[in-house]
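The values are calculated or read from the model by the stated rules, or taken from the named source; none is laboratory data. Computed from a predicted structure; not experimentally measured. Every residue, glycine as well, gets a Cβ built from its backbone with ideal geometry; the counts of neighbours run over all protein chains shown.
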Amino acid sequence: MDFINGKREYDLVERLSFTRVCGTEQERKAAEIIMEELKSFGLEPWLEKFDITTGNVDASSLEILEPYSAVYDAGGYRFGPSTAEGGEEYELEYVEKLDGASLRRAKGKFALLNEARVGAEELEKLVNAGVAGFMTMSGNVDDEREKTDLDHRRYSETMRSKGTLPAITVRMPDAFEMVRRGAKKIRVTLRTSEQKDVSQNVVAEIKGTDLADEIIVLGAHYDSTWLSKGAWDNAAGVALICELARWFKENPPRRTLRFVMFGSEEIGLCGSKAYVEAHKEDVEKIVLMINADVGGSVLGQNGISVTAAKSFFDWMEYLLDECGFSAMVRHGVMSSDSTSFADAGIPAISFSRGGTHGMNVMHTHGDNMSLIGEEALASTARIALEAARRLVNAEHFPVPREFPDNIKEELDKYAKR
């Protein structure tokens, strides 16, 4: 009989489908819902709190001064600098590519970039070129304004190590108009702030029967972005891990299992980093991290990212064939909590279900229950349960504690080391 219950997963996703930004009362409410779910089948969860710093964009606007007049909505980059009160005037330069010639022309100017996002590498080029500030685009050129999101983005910790510049986001139709009409002079108003908050991980444990000294962590993040209700990203992952926890509660595992629902993933994997830091004494005992991030999309494909030895990747492909499961397996690093464990030398595997073309709504208002299907949720959970069941109860743990060069390089690139 199929243990996985897509209806049960769907109901939990629905209960968690509200905006739950890190450090907020809504995130704490989500943690309470998860604890109630774990208690409902006999586990005794607890909270592990940790400090975070959150960035705010308190005001942001863009005004075109020459050769025409217009005011456009603008988002801002959290943890970036503010402008002077009342805004600052800049010359505008459309930078099609971050090459030497384009960056020379942009020196001292505010750069409109052909980019949806800027990372540490791109930021370093802009800072070194003496660019005064930059704006990135969001959405599509034919977006209807009332159906689009204008994101407040974030300077990551790694980006901040390269320097910061005043930075905003604009809708692509507005960027299109600026370039088409030859906008040359602008006024940017940007006010940002930072504050200290508290987030929390939800933790539960099932002790192993005869191999209890070996620990496997199974986790998913439960926070969302401020634009999103986070049904796909990542209430679905939480529901998957809860299904696995329920099965192992009924079927005692040989190895000790820690179920961790991470807070504050969306601001830089803060929950999983805090967990690894707080449990340094267990790092050598943790033989694997099983992660779930994004899922439930009715139109889509199951995916698996193996951040471990090549032999584990091969094992996973073999398991899919043996069991008749359909999933795309990637030997690499996923931008999720699994990476915090891999950085500590712990092999990791992530299960997900991405949306098909036209259904990738990550970090937008489109991430809500309208995407989610019971069978889609169950299909990913079945694969994860079959893999977890075999690994948790293996006579000899089959995943070596080693990483090939390509994985090491990806981890270094992800952490910008």
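Some notes on this structure:
- Complete set of residues in the stretch 361-401 that are of a type in the set (S, T, N, Q), crowded, with 16+ Cβ neighbours inside 10 Å and either assigned to a helix (DSSP H, G or I) or free of Cβ contacts under 8 Å to residues at least 40 places away in the same chain (or both): 379, 380
- Test for residue 335: is it free of Cβ contacts under 8 Å to residues at least 24 places away in the same chain, small (Gly, Ala, Ser) and surrounded by fewer than 16 Cβ atoms within 10 Å (Cβ to Cβ): no
- Among the residues of the stretch 56-81, those identified as surrounded by fewer than 18 Cβ atoms within 10 Å (Cβ to Cβ) and of a type outside the set (A, V, I, L, M) are 56, 58, 61, 63, 66, 67, 68, 69, 73, 81.
- Residue that is within 23 Å of residue 394 (Cα to Cα), in the same structural domain as residue 403 (by TED's automatic domain parsing), among the aromatic types (Phe, Trp, Tyr) and touching a His at 6+ places or on another chain (Cβ under 6 Å), where the choices are 341, 325, 351, 313: 313
- Pair list, Cβ under 8 Å, 6 or more apart: the stretch 27-38 residue in contact (Cβ under 8 Å) with a residue 40 or more places away in the chain and among the β-branched types (Val, Ile, Thr), other residue surrounded by 22 or more Cβ atoms within 10 Å (Cβ to Cβ) and not in a helix (DSSP H, G or I): 34/202; 34/222; 34/261
Yes/no per residue for (1) modelled with pLDDT under 95; (2) farther than 22 Å from residue 217 by Cα:
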position: 356; (1), (2): yes, yes
position: 373; (1), (2): no, yes
position: 397; (1), (2): no, no
position: 403; (1), (2): no, no
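- Positions within the stretch 253-283 being of a type in the set (Ser, Thr, Tyr) and on the phi < 0 side of the Ramachandran plot, in sequence order: 256, 272, 275
- Selection status of residue 288, assigned to a helix (DSSP H, G or I), within 25 Å of residue 3 (Cα to Cα), at pLDDT 95 or above and out of contact with any helix residue (DSSP H, G or I) (no Cβ under 6 Å at 6 or more places or on another chain): no
- Condition check for residue 210: free of Cβ contacts under 8 Å to residues at least 60 places away in the same chain and either assigned by TED's automatic domain parsing to the domain that holds residue 26 or surrounded by fewer than 23 Cβ atoms within 10 Å (Cβ to Cβ) (or both): yes
- Enumerated helices (runs of 4 or more DSSP H) restricted to the stretch 91-198, each holding at least 1 residues that are within 24 Å of residue 361 (Cβ to Cβ) and not assigned by TED's automatic domain parsing to the domain that holds residue 267: 172-180
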